[in-house]
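A.B. asks: First the structure, then my questions, so here it is.
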Amino acid sequence: MSGPEPRTFRTMFISDVHLGSKAAKADFLIDFLRHHDADTIYLVGDIVDGWRLRRSWHWPQSHNDVVQKLLRKARKGASITYIAGNHDEFARQFQGVHFGGIVVADRAIHETADGRRLLVIHGDQFDTVVHNQRWLAYLGDHAYDAAMQVNRVVTKLRHLLGLPYWSFSSWAKVKVKKAVNFIGSFQTVLSEEARRSHVDGVICGHIHHAAIENYGDIQYINTGDWVESCTAVVEHFDGRMEILTWAHVLPESSAGKDALVPVDIVNLKGRAVKAA
């Protein structure tokens, strides 16, 4: 027997999946895509983690399933644009090229149902560490790997105790003062770029921190990620933007085995997603 019909939106924005990384929550994203659909889909960078794949190959079936799920949506008529990020910067050489109905771009302008124009960009172009101190960016990437290893240990302990998923790395990132300052600076810089581009707002990824904020007349929107928070941004048919958070793992005591179950969709009303 088939499941319920997916919720349909005008537009869906997903970023920072990091396929090719052991930290990628591909199963959660597959479940999300099974329950949600949109006429237009933007993949806002770092969908594939080329940095990690160069270090060691990791591509389980679930990562391939994500790609196949997106290609299937394109075949069914969804307009899908792949905005390249820094971890999948190899895609930038293919701007304008279509792959199975998915077109590659460095940036795009999206017009909402209520007539606003939004710049869609990954955001790494405005991260001075990524551009000016490449070695430090790679060092930071290794540190992030270490944080995710700690995250996996914490997740297993919480699982054994019957507690829901909670991201140590996301909590640590928000608690560290420099990280908080970086997030604020990043949001300001991206909002200024939107203003220079004569648009009404910006939708980006890169920093794994979902948010909808207003900076004067500019709306800043970050899609979050599918490594820690499992969030996406959707546009309703009236132009309203919303952050959705999706899945968690049931403890064995209540499910018999790990099982994906949908979390109630949350309208965060402009607030950043925070770990439970």
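A.B. asks: Give me the residue from the range 99-131 that is surrounded by 17 or more Cβ atoms within 10 Å (Cβ to Cβ) and part of a loop (DSSP other than H, G, I, E, B) and, out of that set, nearest to the chain's Cα centre (by Cα).
C.D. replies: Top of the filtered list is 122.
A.B. asks: For the range 27-59, name all the residues that are modelled with pLDDT under 95, in contact with a helix residue (DSSP H, G or I) (Cβ under 8 Å, 6 or more places away or on another chain) and within 12 Å of residue 227 (Cα to Cα).
C.D. replies: 27
A.B. asks: Here is a further query. Of all residues in the range 52-71, which are out of contact with any Leu (no Cβ under 9 Å at 6 or more places or on another chain) and buried (at least 20 other Cβ atoms within 10 Å of the Cβ)?
C.D. replies: Correct list: 52 only.
A.B. asks: Would you point out which residue out of 77, 85, 100 is within 22 Å of residue 202 (Cα to Cα) and out of contact with any Cys (no Cβ under 7 Å at 6 or more places or on another chain)?
C.D. replies: Just one listed residue meets the conditions, 85.
A.B. asks: For residue 96, work out the one condition from (1) farther than 15 Å from residue 232 by Cβ; (2) assigned to a helix (DSSP H, G or I) it doesn't fulfil.
C.D. replies: (2)
A.B. asks: Quickly run through the range 194-209 and pick out the residues that are modelled with pLDDT of 95 or more and surrounded by 20 or more Cβ atoms within 10 Å (Cβ to Cβ).
C.D. replies: Matches in the range 194-209: 194, 201, 202, 203, 204, 205.
A.B. asks: I would also like to ask the following. Take the residues in the range 73-91 that are part of a helix (DSSP H, G or I) and modelled with pLDDT of 95 or more; name whichever of them is farthest from the chain's Cα centre (by Cα).
C.D. replies: Top of the filtered list is 75.
The values are calculated or read from the model by the stated rules, or taken from the named source; none is laboratory data. Computed from a prediction, not measured in an experiment: that's the story for all the values here. Positions of Cβ are generated from backbone atoms using ideal geometry, with glycine treated the same way; all protein chains shown enter the neighbour counts.
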